[in-house]
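Beneath this line is the structure, given in structure tokens, with notes to follow.
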Amino acid sequence: MPTVAIDARDAYAGQLRGWGRHTRDLLGGLPERANLSYRVLRRGGPGPELLFEQLGLPVRLRRLRADLVHSPNCFLPLARPCPGVVTIHDLAFEEFPQDFSARTGWKYRTFTPQAARSAERVICVSGYTAADVVRRYGVDESRVRVIPNAPSLPLGDQPPPEEGPYLLAVGDLRPKKNLLRLVEAFRALRREGLEHRLVLVGVDGGQGARVRAAAEGEPVQLTGYVDDARLDALMRGADALVHPSLYEGFGLVLVEAMVRGVPVVAARATALPETGGDGAEYFDPLDAQDMAAAIRRVLSDAQRRAELVRRAHARAGALSWKQTGALTAAVYEELL
């Protein structure tokens, strides 16, 4: 029986972020196949990650006699004893290099293009990312497969905050997330009489002080990293999720809000319209006034909100990790 080795280290990290969550849920969605055996690699080796990925992992693949290797996050071994599949979520490190440390950015910009060009199959989580990979790296379209993400945040019963109404934004505090313009739009809405707070969930990527200064005394709350139960509660209690990001390869937070019946207001940019479909209200992410107007429409028009929620449920309901797992297993079978 052919063996598929999956480099799942991100799924076993202490604080799960986007890629780790993706890998964890992909493992849960992969179907049992009579003609496939999965070997999940949970840990790397001693020394730098790059050393394991390019030298240690091929050694382990030989020991396992793996027939195929899948790297769910860019770093496929370039010299390997078997065919390889690589998942590329986005190319933000190319478009927004300032969001990454010098070492991390160098690693992604050096090895992701090579992984994409050498892989027997490249999985992308959206049509937008697939087109970006083909355009930037010259990858043959025939080797690219689009397989979307699905909602993954567990639905819980922790009560939402009770300190009054609020808008929610989720994402690390980095320039590409465009939070300074969101704060500008929020200030404009507050001047009009908006009673909501703005709650920003995400690790401080160096923008925290600027966000606080931009708030100019308005009620903007930075929570830092929160666990799944707290994030779920914050989502369920929000009057709207606002996602002003300038660049996303998918935008998982949109469908997480949709599945909870929370209206979504999102940037008309990159993969977000593809992910949200007709279940979100959109705005120009470079125009704070347009952003404020979109938020205002959703908060003030009950009929519009209800229609958005109805469409969002249909959109989110079309996505599942069972489907994602089946499509991924089909890619393995193509090569085996």
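Every number here is computed from the coordinates shown, using simple stated rules; none is lab data. In this text, all values refer to a predicted model and were calculated from it rather than measured experimentally. Neighbour counts are summed over all protein chains in view; Cβ atoms, including those assigned to glycine, are modelled from backbone coordinates with ideal geometry.
Helix 228-237 and the longest principal axis of the Cα set of the chain meet at an angle near 40°.
Under the definition of Cα pairs under 8 Å and six or more residues apart, what whole-number percent is the relative contact order of the range 128-208? After rounding, I find 34 percent. Dipole size of the range 91-192 about its Cα centre, with +1 on Lys/Arg Cβ and -1 on Asp/Glu Cβ: approximately 480 debye, rounded to the nearest 20. Positive contributions from Lys and Arg (+1) and negative ones from Asp and Glu (-1), summed over other residues with Cβ under 10 Å from the Cβ of residue 41, come out at +4. Simple point charges give the picture: +1 on the Cβ of Lys and Arg, -1 on the Cβ of Asp and Glu, and for the chain a dipole about the Cα centre of about 940 debye.
Net length available on complete extension from residue 333 to residue 49 is 99.4 nm, with 0.36 nm assigned per residue and the Cα-Cα distance removed.
Compute the label zone of residue 95 within the range 131-169: residues whose backbone N is under 12 Å from the point 7 Å along Cα-to-Cβ. The answer is 131-133, whose backbone nitrogens lie closer than 12 Å to the label point. Multiplying the residue separation of residue 203 and residue 1 by 0.36 nm and subtracting their alpha-carbon distance yields 68.4 nm. In terms of other Cβ atoms within 10 Å, 332, 137 run from fewest to most in the order 137, 332.
State the extension gain, in nm to one decimal, for the chain segment bounded by residue 157 and residue 229, taking 0.36 nm per residue of separation less the distance between their alpha-carbons. Intermediate results must be reported in sequence, preceding the final value.
Working: separation 72, 0.36 × 72 = 25.92 nm, distance 0.81 nm.
Computed gain between residue 157 and residue 229 is 25.1 nm.
In this structure the amide hydrogen of residue 68, modeled in the peptide plane, comes within under 5 Å of the amide hydrogens of 3, 5, none closer than 5 places in sequence on its chain. Can you tell me the relative contact order of the range 166-317? Whole percent, Cα pairs under 8 Å, sequence separation 6 or more. With pairs under 8 Å counted, the relative contact order is 24 percent. When the Gaussian network model of the chain links Cα atoms closer than 10 Å, the mean-square fluctuations of 80, 210, 236 top out at 210. From least to most packed, judged by other beta carbons within 10 angstrom and beginning with the fewest, 286, 57 follow the order 286, 57. So how tilted is helix 18-29 from the main axis of the chain? Cα-based, degrees 0 to 90, rounded to 10. Computed tilt is about 60 degrees. Take every Cα pair under 8 Å whose residues are at least 6 apart in sequence, average their separation, divide by the length of the chain, and the relative contact order is 17 percent. Projecting the Cα atoms of 37, 142, 72 onto the charge dipole of the chain (Cβ charges, centred on the Cα centre) puts 37 farthest toward the positive pole. Classify the range 1-68: rounded, prolate or oblate, from the alpha-carbon gyration tensor (a ≥ b ≥ c, eigenvalue square roots; a/c under 1.5 rounded; otherwise prolate if a/b is larger than b/c)? Cα axes put the range 1-68 in the oblate bin. The angle separating the long axis of helix 102-118 from the principal Cα axis of greatest extent in the chain is about 50 degrees. Between residue 284 and residue 302, the modelled labels are 3.3 nm apart [label points 7 Å from Cα along Cα→Cβ]. Counting only DSSP H runs of at least 4 residues, each contributing -39500 (n - 2.57), and dividing by the residue count of the chain, the helix-based mean residue ellipticity at 222 nm comes to -12500 deg cm²/dmol. Placing a pseudo-label 7 Å from each Cα along the Cα-to-Cβ vector at residue 117 and residue 78 gives an inter-label distance of 0.9 nm.
Pick out which of 243, 22, 313 has the largest mean-square fluctuation in a Gaussian network model of the chain, springs linking Cα atoms closer than 10 Å. For the chain, modelled as a Gaussian network with Cα springs under 10 Å, the answer is 313. Computed from backbone phi with θ = phi - 60° and the Karplus coefficients 6.51, -1.76 and 1.60, the 3J(HN,Hα) list for the range 300-305 is 9, 10, 4, 5, 5, 4 Hz; x is used for glycine and proline. For the pair the range 259-301 and the range 136-161, the centres of their Cα atoms are 19 angstrom apart.
Note on 298, 253, 309: ascending count of other Cβ atoms within 10 Å places them as 309, 298, 253, the fewest first.
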